[in-house]
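Have a look at the structure below, then the notes.
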Amino acid sequence: MATAQAQPNIALIKYWGKRDVSRNLPAAGSLSLTLATLWTRMKVEFSADFDRDRLLVDGEVATAMLPRVSRCLDRVAGGNRPCALIESHCNFPIAAGLASSASAFAALVVVANQACLEAEDIFEPAVLAAANSRTTLDLARLAGAASGSAARSLFGGIVELAASDDNIDVSTLLPSQDWPLRVVVAVTERGHKPVASGDAMILSEKSSPFYSSWVENQDHDLQVARSAVKTRDFDKLAAVSEHNCLKMHSVMWTSRPPVVYWNRGTLACMEAIRDLQSAGQAVFFTMDAGPQVKAICQPDNEALVMKTLGEVDGVEAIMNSGLGSGACLLDDS
Ligand code: PMV
């Protein structure tokens with residue numbers, strides 16, 4: 001049975017909106033940091049003896065997620081594929097705005113591709129030929145069809161996803177060792193998010209008066225972020241990332257009904273980070289489809305950022321990570 005691991009990624013220039021819902025193509029590009037120490041591990045076994053797909057998440061049967069997982073397996077292994085047993089393990093809270101679907105679907109496409117090759121006697125030659133020839137970008141596109149942000153977790157370090165009319169291109173902009181940024185995550189609630197991000201972004205497109213200008217300005221923000229990354233300009237990256245995050249949340253808040261993922265702890269963490277900035281610390285925040293706050297900083301002030309956020313009212317846990325690599329097969333597979 002093959003096993004793959006992928007790390008979640010945290011977007012600095014966000015993906016929020018779809019150009020093509022049926023193919024799950026994003027309306028604009030995005031830029032993210034792939035983490036090192038948070039992970040999802042996936043095992044997949046195809047067998048002619050199975051009569052249905054089964055999904056276990058951290059040892060528990062997970063029926064709600066199964067249709068999305070099965071559709072992703074169809075894309076990798078073909079609609080006529082044998083049924084599969086899928087086992088997923090995650091070392092951080094899932095469906096809580098910590099990009100668990102990104103790491104899950106990135107790991108899933110990598111492991112499913114390998115699982116086809118390992119069960120060659122039960123697959124048609126065309127499926128095996130496709131599995132044999134897939135590049136990392138091909139796998140990223142398959143992951144992106146399941147969860148837009150998952151495409152970025154196929155690559156390590158600082159990653160850019162470019163959206164064209166017809167498809168996506170994803171690549172590493174800067175390898176992790178070239179800029180040792182740190183990410184401190186303040187968990188303010190472990191529960192599942194109230195609205196899935198895929199549904200919420202469709203609602204935003206339909207109802208937020210800010211949606212079209214959000215999409216129109218994405219290229220500009222991406223350009224600024226790309227140049228900040230290339231020149232390792234922390235302050236420039238901080239400014240454009242916070243601005244982009246707040247714009248995305250403004251689009252969410254002005255959707256009808258409003259999509260509000262923040263809680264009191266989220267706001268208190270933002271305030272604490274603002275105080276650190278006023279005291280001259282190089283740190284900035286970003287939040288996704290959940291109430292957790294991610295603070296980006298540098299190795300020399302990481303301990304201070306962790307201590308500061310750890311003392312904020314409403315913070316339940318602190319996690320930290322450097323930048324890591326893209327999804328890969330594990331040796332024991
Ligand atoms: O990939 P999805 O459908 O889970 O959407 C991710 C959306 C955000 O996390 C809010 C932003 C992003 O770019 O990751």
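Each residue, residue 250 and residue 66, gets one label point 7 Å from its Cα in the Cβ direction; the gap between the two is 4.4 nm. Comparing 150, 167, 223 along the charge dipole axis of segment 138-286, the residue lying farthest to the positive side is 150, per the Cβ-charge model. Applying 1/(1 + (r/R0)^6) with r as the Cβ-Cβ distance of residue 132 and residue 50 and R0 = 22 angstrom yields a FRET efficiency of 0.40.
Enter the mean projected area of the convex hull around the alpha-carbon atoms of segment 175-216, in nm², rounded to one decimal.
Reported value for the Cα convex hull: 5.7 nm².
In straight-distance terms, cross-link reach from residue 236 covers every one of the aspartates and glutamates whose alpha-carbon lies under 12 Å from its own, apart from those fewer than eight places away in the same chain; here that gives 221. Expressed per residue, the C-alpha convex hull volume of segment 104-146 stands at 65 Å³. When 83, 90, 116 are arranged by Cβ crowding within 10 Å, least crowded first, meaning fewest neighbours, the order is 83, 90, 116. For segment 161-188 and segment 1-55, compute the distance between their C-alpha centroids and round to whole Å. About 14 Å separates the Cα centre of segment 161-188 from the one of segment 1-55. Largest GNM mean-square fluctuation among 201, 319, 42, using the chain with Cα springs under 10 Å: 319. Here's the list of lysines a cross-link from residue 193 could span, going by alpha-carbon distance under 25 Å and ignoring same-chain residues fewer than 8 apart: 14, 18, 206, 247, 294.
Using only alpha-carbon positions in the chain, the gyration tensor eigenvalues give semi-axes of 33, 21, 19 Å once each is multiplied by 5 and square-rooted (largest first).
Here's the picture: a label point sits 7 Å out from the Cα of residue 230 along the beta-carbon direction, and within segment 159-173 the residues with their amide nitrogen under 18 Å of it are 159-163, 170-173. Here segment 224-253 and segment 269-307 have alpha carbon centers that stand 14 Å from each other. Distance between the modelled labels on residue 329 and residue 169, one decimal in nanometres: 2.8 nm (7 Å Cα→Cβ projection).
Every number here is computed from the coordinates shown, using simple stated rules; none is lab data. Every value quoted in this text rests on a predicted model; they were computed, and no experiment measured them. FYI the Cβ positions are ideal-geometry reconstructions off the backbone, even for glycines, and counts take in every protein chain you see.
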